[in-house]
Amino acid sequence: MPAQRPTLVDQVREQMLELISDGTYAVGDRLPNEQEMSERFQVSRATVREAYRALIDMGYLLRKHGTGTFLARVPQRHALDHNLSYTQMIRAAGFEPSIRVVSQQLRDPDEEDRKRLRLEEGEKVIAVERVRLADDRPVVYSVDRIPARLVPEERRDKLPASLFDFLEELHHGARNGRARILPVLAGEREAKHLQVEEGTPLLFFDEVDFDQAGMPVMGSFEWHTSDVFELWINRRATSTASASRS
């Protein structure tokens, strides 16, 4: 089934989130009414109403009867040039973090796993499928692979919540990672686990983490919603680039 395009409501909601994130409005500010926003974005009042309703459900806006709609909180921003603790990020956004394990199994790797994790013939991986929640609302769906040789047999049945801490305990802690980041639309599987509609815009991470010796210790596929925090990339211009723009 082909992915659906973002709806007009989705587009307006994202534009409103940008206004919230860039400091146009501060927490406690009253936002323009539906008519003013509809003129700004050149859409119907019904579209603005639905976008407002989505942001209220996400906890960013608060509607006071007879008074208007107010900014309740802003998205948390986190730089992508540092390892991320989703538990800490969710807490920083004012939510209680939790994890739901969808599945965990010891299995044969596919060809992509072998390349990403540099596995020898006959090696297996521990595959963990999980959903991270903020106040019981799904925000990150992840599929992680760990080379089974790194984990003692007696500890393979049930891995702890933090795989990074677990690898550290096993003396295979991740010291750096390489990630490919793509904007995607939710397919059937992602929509199911993140409780969003198919076609909802998500941020997709394809990441491999390496230990001190430069050996891969975990491969991850992650799908992020924009409900709780924003992820930012810090960029620094080289002297050549700076000169070319002057």
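Remarks
- Förster radius 35 Å - calculated FRET efficiency between residue 120 and residue 100 (Cβ-Cβ, nearest 0.05): 0.60
- Label-point separation in nm, residue 45 to residue 221, each point 7 Å along Cα→Cβ: 4.6 nm
- Annotation note: GluC sites (Glu not before Pro) in the range 113-163 located in DSSP loop regions with a Cβ neighbour count of at most 12 within 10 Å are 120, 121.
- Proximal charge balance of residue 117 [Cβ under 14 Å; K/R count +1, D/E count -1]: -4
- A DSSP coil position with no more than 10 other Cβ atoms inside 10 Å describes the following trypsin sites (Lys or Arg not before Pro) in the range 145-187: 158.
- Extension gain for residue 176 to residue 110 (0.36 nm times residue separation, less C-alpha to C-alpha distance): 21.4 nm.
- Overall form of the range 8-71 per C-alpha gyration tensor (a/c, 1.5; a/b vs b/c): rounded
- Sequence-distant lysines (8 or more away, or on other chains) whose Cα lies within less than 28 Å of residue 115: 124, 158
- Pairwise FRET efficiency - residue 156 versus residue 184, Cβ, R0 = 30 Å, nearest 0.05: 0.45
Each value in this text was obtained by applying a stated rule to the coordinates, not by laboratory testing. This one's a predicted model, so the numbers in the text were calculated from it and none came from an experiment. A quick note on method: Cβ atoms are made from the backbone with ideal geometry, for glycine too, and the neighbour counts reach across all protein chains shown.
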